[in-house]
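Inspection log for the structure reproduced underneath, given as structure tokens.
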Amino acid sequence: MRIGLVSGLDWRDGIARLRAAGAELICLPLLSFAPWVAAKRDRAGLEHAERPPSPSLLEAIELADGAWISASAYESEGEGVFYVSSYIAGPDGPVSRYRQAAVVAEPGRYEQMFWSPGHEGNEVAASPLGPTGSLVGSDVRSAPAWEELVSAGARAVVCGVAEDAESWPQTMTAVAGLAALHSVIAVIVNRGGRSNDVEFPGGGAAFDRHGAEIGTGELIEVAPG
Amino acid sequence: MSRTSEIQGVGSVPHAYYERSEPLTGVVLLPSQERHDPGEHPENVRRLPGVVDRLRDAPEWDRLFVLYPRYARTEDALRVHSEGFVEILESTGADAPLWLDTDTRVSRDSYPNSLLAAGAALAAVDAVAMEAYHRPDSLFALTRPPGHHTGIDKAMGFCLLNNVSIAARYAQATYGIERVAILDWDVHHGNGTQEIHYADPSVLFCSLHEWPLYPGTGWVDETGAGDGTGFNINIPMPTGSGDVEYLEALDRVALPVIEEFRPEILLVSAGQDCHAADPLCGQLVSASGFKAMATRSAELARRLGIGLVVIHEGGYNVSTLPLLDRSIVAGLGGFEVEEPDPFAPLDAEPPGAWDERLESVIATHAPRWEALR
Ligand SMILES: [Zn+2]
């Protein structure tokens, strides 16, 4: 099967292009539909949150035109309650949802100001890639987060991140290692383009059950897990 | 079982304090706080467990006085609230989950938990007010739901019982205390506390709050009524106020007036929603700002030779609240906090209109309080 990876800011064009190229699962990076609000300590960024289920996600499902989507939306459950929700969605709508649990606070990366840690646990969806779980942000480097998905039956894990040029190679290495440790397929996609004065390098890859790279770039052929 | 109920050494005095020269502070922990569960809500069950975990992991944990609350009795609530209102709260369990106003939601066990929260404040009053050899100088009651928006007969703004007012009246009824001072630094105006004590010269209420903001009250000219005129001091802080402005408000108005009032106990409504990363406000106070406010409160109580009870109000960023509450404990006990606050603003512009606001507060209250002249 073909997996499409959308790194760039123009997710609408990216989804349509990759669907036309035959992608059956299209993966988007962390905070797929919003600007990189976490770059600055400015509460105006909170305004970008959407009420769940995110209308942008529903639009992405439409655009995917029968393909599956893995994407993370910036959502608000009401005044003062914010999450990053990672969805795996089929042609008929979202199939699984979990909310980023490890939320970062460091200079230049103020995620904790904009969203709370998820507390609902993770879920596995029957996607074209097999039983599939998703992880986003710092959760992709969290061994317990992988263990939770694998013990729930996941045979593939799709990861969406927003890493800068320095941390992106380390994150890919960590994901390849965790894929090998748990003997699952892993797909990772990084945020690309410039948002809120931060430059993201984009990129993505798929790893097999031994952690070996299957392919990179925006369209990758993968045997389901 | 909640993590707080596993804690050992409840109510014990740390051995190091049998011959102490340093301040003794501590916390009142609320077991089963998750019984008040408004669901996906800013005031949720995840706020306090992270705070308790952070304190347990901190080096100062072994030096803290730790105790558990008892339930407040109905008669404690009735010193503050109307009978009809307490009956309504009592009855909510049967119909829960239930919205009491547009943002105050109760679950089945919210009312008993709010009695326990008020009881935490009362336990703290007991500990600091009783004539006991190992009397702590201050205690921080880690309570939820908060209380300062609830007036005589109306729950609002996430609050059920007004914990700080119940503590104030309990102290007066139980320990022969005449004068109680309440300092409120929650980002929202403590409209409930103001309403309860508005005509009462025995309770000095001083509130620092972002203005304009929910609930809309708290302007400078709300100074009290009847004999209570001059005993209600509102300091409306402009949006964007940070450590500098909050400490100036304490140093130039709140603390000198409280000192002149000569209270016999000092209560603090500590809401950490004025922090720079709180999602519900526009203020910029940092963790070290909270520590400094707690330090100043503790120093004042020490100078006056009175007990200090800090009662938790707001603070809605689950990720940052543990550092902020730990910083308050550090301020009370004179501990170091080695963790930096990643959200401390480095380059904040001074908020507009602050000097004028402060001068108008001083001008309004100078006739009654010599300390402001
Ligand atoms: Zn508040």
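Worth a mention:
- Consider region B:38-65 and keep the residues that are β-branched (V, I, T) and touching a His at 6+ places or on another chain (Cβ under 9 Å). The one that is surrounded by the most Cβ atoms within 10 Å (Cβ to Cβ) is B:V51.
- The set of residues from region B:238-286 being within 15 Å of the ligand (Cβ to nearest atom) and farther than 27 Å from A:W115 by Cα comprises just one member, B:V268.
- B:E349 being away from chain A (no Cβ under 14 Å) and among the charged types (D, E, K, R): no
- Any hit, region B:102-119, residues being within 16 Å of the ligand (Cβ to nearest atom) and more than 21 Å from B:H312 (Cβ to Cβ): yes
- Filter result for B:I166 (under 29 Å from B:G352 (Cβ atoms) and crowded, with 24+ Cβ neighbours inside 10 Å): no
- Close Cβ contacts (under 6 Å, 6 or more residues apart or on different chains) running from residues in region A:148-159 that are more than 13 Å from A:L129 (Cα to Cα) to residues that are of a type in the set (S, T, N, Q) and open to solvent by 10 Å² or more (accessible area, probe 1.4 Å) comprise A:E148/A:N122; A:L149/A:N122.
- When restricted to residues that are β-branched (V, I, T) and in contact with a strand residue (DSSP E or B) (Cβ under 9 Å, 6 or more places away or on another chain), region B:339-367 contains 2.
- Those residues of region B:320-336 which are away from the ligand (no atom under 16 Å from the Cβ) and in contact (Cβ under 8 Å) with a residue 60 or more places away in the chain, in sequence order: B:P322, B:L323, B:R326, B:V329, B:A330, B:L332, B:G333, B:G334, B:F335
- Any hit, region A:196-203, residues being buried (at least 16 other Cβ atoms within 10 Å of the Cβ), among the small types (G, A, S) and part of a helix (DSSP H, G or I): no
- Across region B:220-237, the number of residues qualifying as away from the ligand (no atom under 16 Å from the Cβ) and under 21 Å from B:V285 (Cα atoms) comes to 1.
- Meets criteria (within 16 Å of the ligand (Cβ to nearest atom) and of a type in the set (D, E, K, R)) for B:E313: yes
- Taking strands (runs of 3 or more DSSP E) as the structural unit, those lying wholly within region A:87-193 and holding at least 1 residues that are charged (D, E, K, R), open to solvent by 30 Å² or more (accessible area, probe 1.4 Å) and within 14 Å of another protein chain (Cβ to nearest Cβ) correspond to A:93-99.
- Reported count of residues in region B:16-56, each being touching a helix residue (DSSP H, G or I) at 6+ places or on another chain (Cβ under 9 Å) and acidic (D, E), is 4.
- Counted residues, region B:247-287 - those being among the acidic types (D, E) and within 13 Å of chain A (Cβ to nearest Cβ): 2
The values are calculated or read from the model by the stated rules, or taken from the named source; none is laboratory data. None of these values were measured; they are calculated from a predicted model. Counting neighbours? That spans all protein chains shown, and the Cβs are built from the backbone with ideal geometry, glycine included. The protein model used for the area step is the full one, side chains on, heavy atoms only, and it has no ligands, DNA or RNA in it. Shrake-Rupley method; radii C 1.70, N 1.55, O 1.52, S 1.80 Å.
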